[in-house]
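Input: a single structure, listed below in structure tokens.
Computed from the coordinates by the stated procedures, all read-outs in this text should not be read as laboratory data. Model, not experiment: these values are computed from the prediction. A quick note on method: Cβ atoms are made from the backbone with ideal geometry, for glycine too, and the neighbour counts reach across all protein chains shown.
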Amino acid sequence: MKAIITGCLSLLFVIPAKSQSNFYKVSAGGGFGLTQSFTDVKKSNFGLAGYGVIDYYFSPFISAGIEGQMGEINGSDAKKDPNARQFINAYTAINLNTKFGLGALIDYNPGSFASKIKGLYLGAGLGVVMNSVSNVRKSTPTQVTRYPGKDQSNDILVPINLGINFYFTERSGYTRYILNFNYQSNFTLGEGLDGYDNSTVNFKSGNPDIYTYFSAGIRYQFGSMGLHNKTIF
């Protein structure tokens, strides 16, 4: 009997144990950041914007969610622009997106470098941006015709996300808070972001209007619990 017990104890040291952990399946949060425009107006400016987000987690590192943004996208200065153009877009955007984190692919030990970067992720989505453009210089004193374009419009939006999450536990040991830094490139299918639409003159579409959004925010996790096949920390 003593030999059997000794043998079983020895097996515990030989067979690797697989750790598991629980995680909350829902998070909600928000934050603020800077937008930058890349449109038909050559000079890009920075604007301020805020966002709110709700995500559902299939695992601690794979999620799908909905995000809303509100703020300003700005471009150029009529006094400095070669075509005397400028704009301020008080925009609202909403998108559905998914994110896939590095922690779903790699093994990591507590305190290791891999553990510190496990929150890196890539993501993509689809949404709409509602443009409300003002301060647009539609013409100059030497122009006979005005620049074409709409001050109010909606465009399809394709966001690409690159970011990182840092996880913080509550007293029970479960992850409850997430500090997030995200860089988002938004490609629009339309000409409404800057209020200028040269396609009606050239009879062809130019480069897509793009704006980027660098943000920092906080997420709070809650809801039902899921089981992950390894520890989050």
Legend entry - region 165-186-region 61-101 distance, computed between alpha-carbon centres (Å): 23
Inset, instruction - Determine ³J(HN,Hα), in whole Hz, for all residues of region 40-54 in sequence, where each value follows from phi through the Karplus function 6.51 cos²θ - 1.76 cosθ + 1.60 and θ = phi - 60°; x replaces Gly and Pro. - result: 5, 7, 5, 8, 9, 10, 9, x, 9, 8, x, 8, x, 8, 10
Legend entry - Coil-residue trypsin sites (Lys or Arg not before Pro) of region 74-132, DSSP, other Cβ within 10 Å capped at 12: 79, 80
Legend entry - region 24-228 - charge dipole about Cα centre, Lys and Arg +1 at Cβ, Asp and Glu -1, debye rounded to 20: 280
Inset, instruction - Output ³J(HN,Hα) for region 148-162: one whole-Hz value per residue in order, computed from phi by the Karplus curve 6.51 cos²θ - 1.76 cosθ + 1.60 with θ = phi - 60°, and x for Gly and Pro. - result: x, x, 10, 7, 10, 6, 10, 10, 5, 10, 10, x, 10, 10, 9
Legend entry - Cleavage-rule hits, trypsin sites (Lys or Arg not before Pro), region 144-198, DSSP coil, Cβ neighbours within 10 Å at most 12: 146, 171
Legend entry - Estimated vicinal HN-Hα couplings, Hz - region 118-123 in sequence order (Karplus 6.51, -1.76, 1.60; Gly, Pro = x): 5, x, 4, 8, 10, x
Legend entry - Relative contact order of region 24-228, pairs being alpha-carbon contacts under 8 Å that are 6 or more residues apart, as %: 24
Legend entry - region 24-228: Rg to Rh, with Rh as the Kirkwood radius over Cα pairs: 1.09
